[in-house]
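Here the structure is laid out as structure tokens; the discussion comes afterwards.
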Amino acid sequence: MTDQQQASPQSPTAEAPSSVSGIGVSPGRAAGPVAQLAGAVPEPGMESLPEGADLEAAVASVADHAARVAAGLTASAEKAQGESREVLETTAQMAADPTLVQVAQSHVRGQRLSPARAVWEAAGSVADQLSALGGYMAERARDVYDVRDRIVASLLGLPMPGVPQREEPFVLVARDLAPADTALLDPAKVRAIVTSEGGPTSHTAILARALGIPAVVGATGALEALTNDRLVLVDGAAGTITLDPDAAAVEAAARLAAQVRTFDGDGRTSDGHKVQLLANVGDPAGAEKAAAAGAEGVGLFRTEFCFLDRADEPTIAEQVEQYRTVLAAFPGKKVVVRTLDAGADKPMPFLTDTAEPNPALGVRGLRTAWANPQILDNQLQAIAEAAAAESADVWVMAPMIATVPETEDFVAACARHGLTTAGVMVEVPSAALLSGPILARASFASIGTNDLTQYTMAADRMLGSLATLSDAFQPAVLRMIEETCRGGAQQDRPVGVCGEAAADPATAVVLVGLGVSSLSMSPRSLADVAAVLAATSFERCQELARIAVESESADQARARVREGLPILAELGL
């Protein structure tokens with residue numbers, strides 16, 4: 001598609017589609033003119049440096065422009081918070097990684113390639129190596145290409161790729177969004193997001209939910225149909241994009257978007273059935289946001305932020321200091337601390353093997369303690385000291401529990417440190433199927449729907465091409481959740497959900513109907529989920545859960561549940 005074609009609105013024809021469909025990943029409705037993501041940086045030519053060119057100056061320019069890109073991303077990260085900051089910091093580190101620069105410089109010296117071409121070639125080699133590793137490391141190849149484009153643009157004096165800069169608000173349309181682009185989104189300017197690739201657990205989906213921006217991913221044909229400046233209406237819950245909506249539809253979307261919902265701190269159904277609504281927290285700044293949003297506590301405190309981007313393990317004292325800042329935000333309230341979830345999408349050089357052929361099925365989560373028990377022991381000691389110094393009600397859980405013996409060992413390890421409320425993450429089918437005996441040992445279970453879906457459906461959640469399988473509405477996944485709740489009921493133990501599914505109001509109703517007692521989500525999702533539950537009786541939750549479980553596909557389950565919840569349309573969800 002040429003720049004001219006992109007800039008010209010498409011005239012409706014009899015053959016032109018009136019709508020485009022994808023996967024709704026962040027609820028809400030918004031209308032606005034399309035602004036497609038800036039075009040890709042052109043591939044530099046293969047021309048060699050001319051005779052007499054200053055070879056060392058060309059070599060130095062590679063490092064210089066890479067440093068400029070890294071500095072720009074770092075500066076942006078310092079202005080961001082939470083997940084956005086983490087994404088920008090990770091991309092900045094990729095730009096500052098000496099591997100890419102050194103390979104590019106060797107191409108300049110050895111083949112006399114221009115700096116821009118050398119960076120292009122080097123990035124291709126690094127990305128190929130990451131792709132060959134599979135899993136999370138393959139997903140990082142996207143980051144390499146993002147950094148490549150930024151360095152090449154800097155070298156060639158071209159506009160930096162990324163989100164368009166416009167005076168008026170717009171609907172952002174792209175093939176996919178690089179993590180750094182997603183992290184820089186301004187909700188005041190970007191009314192909605194549509195991508196033709198990506199899945200429900202992509203950076204785009206997670207950050208769109210955190211920012212409260214309606215989003216649809218995996219919308220095949222979006223780039224062709226949604227041309228620049230064309231008016232569209234995005235429904236981030238239904239996963240639809242309407243082309244050329246009428247004035248009434250646009251006005252209705254604006255009216256719904258203007259509604260401000262708040263959470264009163266008391267999660268419940270319309271008939272008073274209690275459902276704890278908690279927040280997922282990844283750092284101290286996230287804890288402050290969660291407390292301000294009225295969260296009843298923390299259902300998932302990710303402790304990885306203390307360990308990431310380090311060459312060695314943090315000391316016990318360092319961990320205590322960081323944990324206390326989160327616990328202090330929730331005096332007297334429940335805070336569920338997840339022990340280190342290293343491996344797969346969170347490789348750590350002092351603990352995991354990045355050369356594993358299949359990291360998602362490798363040594364991750366609690367399994368890292370098999371060879372490094374002291375790291376887990378130190379972390380439990382730090383959690384215990386932080387808990388003793390603050391008044392929060394501290395619960396502790398281990399990720400990637402798969403067997404009863406693993407549960408026994410973890411509960412015993414917690415007990416040695418005086419941590420009496422020890423639970424498990426249910427992320428693999430074996431834990432769901434063994435929930436009865438597992439919960440005879442553990443105090444509680446928390447279901448991580450992202451991984452449980454991945455392992456139940458045998459579909460890498462990082463692959464956009466498998467996005468339709470990465471859906472918690474898959475009946476097989478719902479049956480795994482139902483089985484886990486059955487085990488919890490047998491042992492009179494609470495079962496919560498802390499995966500992304502908890503943030504979707506329609507899914508939340510089904511989860512409550514299946515027997516889930518607490519839902520943990522991004523703080524921005526609390527008010528929406530609370531509003532839908534408050535308008536729905538517990539009996540109706542159970543009826544809709546049965547309908548979803550007995551459906552034959554995720555699409556059928558979702559459609560039936562949404563049809564049975566008219567409150568969703570009333571609230572624009």
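The values are calculated or read from the model by the stated rules, or taken from the named source; none is laboratory data. Everything numeric in this text was worked out from a predicted model, so none of it was measured. Every residue, glycine among them, receives a Cβ derived from its backbone with ideal geometry; neighbour counts consider all protein chains shown. Surface accessibility is based on the protein's heavy atoms, side chains included, excluding ligands, DNA and RNA. Shrake-Rupley method; radii C 1.70, N 1.55, O 1.52, S 1.80 Å.
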Of LEU478, LEU519, LEU511, which residue is of a type outside the set (D, E, K, R), touching a residue at least 12 places away in the same chain (Cβ under 8 Å) and either out of contact with any Cys (no Cβ under 9 Å at 6 or more places or on another chain) or open to solvent by 10 Å² or more (accessible area, probe 1.4 Å) (or both)? LEU478
Can you tell me which of PHE301, PHE305, PHE330 is surrounded by fewer than 22 Cβ atoms within 10 Å (Cβ to Cβ) and hydrophobic (A, V, I, L, M, F, W, C)? PHE305
Lone unmet requirement of (1) without any contact (Cβ under 8 Å) to a residue 24 or more places away in the chain; (2) assigned to a loop (DSSP other than H, G, I, E, B); (3) more than 25 Å from THR91 (Cα to Cα) for ALA248: (2)
What do you reckon, is VAL62 at pLDDT 85 or above, under 23 Å from THR99 (Cβ atoms) and among the β-branched types (Val, Ile, Thr)? yes
Quick check on the range 277-298. Is at least one of its residues of a type outside the set (Lys, Arg), outside any helix (DSSP H, G or I) and touching a Lys or Arg at 6+ places or on another chain (Cβ under 6 Å)? yes
Return yes when THR325 is at pLDDT 95 or above and polar (S, T, N, Q) and no when it is not. no
Residue check: is ARG524 within 23 Å of LYS334 (Cβ to Cβ), outside any helix (DSSP H, G or I) and open to solvent by 40 Å² or more (accessible area, probe 1.4 Å)? no
Conditions: (1) more than 20 Å from the chain's Cα centre (by Cα); (2) over 25 Å from ALA225 (Cβ atoms); (3) surrounded by fewer than 22 Cβ atoms within 10 Å (Cβ to Cβ). ALA141 meets all but one. Number of the miss? (1)
Sole exception among (1) part of a loop (DSSP other than H, G, I, E, B); (2) in contact with an Asp or Glu (Cβ under 9 Å, 6 or more places away or on another chain) for VAL516, by number: (2)
For the range 547-556, the count of residues that are within 29 Å of ALA30 (Cβ to Cβ) and surrounded by fewer than 18 Cβ atoms within 10 Å (Cβ to Cβ) equals 3
Within the range 8-33, can you find the residues that are modelled with pLDDT under 85 and of a type outside the set (A, V, I, L, M)? SER8, PRO9, GLN10, SER11, PRO12, THR13, GLU15, PRO17, PRO27
Can we say ALA531 is in contact (Cβ under 8 Å) with a residue 40 or more places away in the chain and open to solvent by less than 50 Å² (accessible area, probe 1.4 Å)? yes
Please give the number of the condition VAL190 fails out of (1) open to solvent by less than 10 Å² (accessible area, probe 1.4 Å); (2) β-branched (Val, Ile, Thr); (3) in contact (Cβ under 8 Å) with a residue 40 or more places away in the chain. (3)
Counting only residues that are of a type in the set (A, V, I, L, M), over 20 Å from the mean Cα position of the chain (by Cα) and either closer than 24 Å to PHE301 by Cβ or surrounded by 19 or more Cβ atoms within 10 Å (Cβ to Cβ) (or both), how many does the range 481-501 have? 2
What do you reckon, is ALA559 at pLDDT below 95, hydrophobic (A, V, I, L, M, F, W, C) and open to solvent by 50 Å² or more (accessible area, probe 1.4 Å)? yes
Could you please give the count of residues in the range 60-104 that are touching a residue at least 40 places away in the same chain (Cβ under 8 Å), open to solvent by 30 Å² or more (accessible area, probe 1.4 Å), assigned to a helix (DSSP H, G or I) and farther than 20 Å from ARG142 by Cβ? 2
Checked against (1) crowded, with 22+ Cβ neighbours inside 10 Å; (2) more than 20 Å from GLU296 (Cβ to Cβ); (3) in contact (Cβ under 8 Å) with a residue 60 or more places away in the chain, LEU544 satisfies every condition except (3)
Residue satisfying condition, being open to solvent by less than 20 Å² (accessible area, probe 1.4 Å), in contact (Cβ under 8 Å) with a residue 12 or more places away in the chain and closer than 30 Å to GLY332 by Cα, within set ALA432, ALA440, ALA398: ALA398
In the range 459-475, is there at least one residue being outside any loop (DSSP other than H, G, I, E, B), touching a residue at least 12 places away in the same chain (Cβ under 8 Å), of a type in the set (A, V, I, L, M, F, W, C) and crowded, with 19+ Cβ neighbours inside 10 Å? no
Would you confirm whether any residue within the range 534-556 is in a helix (DSSP H, G or I), at pLDDT below 95 and within 23 Å of ALA253 (Cβ to Cβ)? no
Assess whether GLU296 counts as being at pLDDT 70 or above and in contact with a strand residue (DSSP E or B) (Cβ under 9 Å, 6 or more places away or on another chain). yes
What's the number of the only condition in (1) among the aliphatic types (A, V, I, L, M); (2) closer than 15 Å to LEU184 by Cβ; (3) surrounded by fewer than 22 Cβ atoms within 10 Å (Cβ to Cβ) that ALA57 fails to meet? (2)
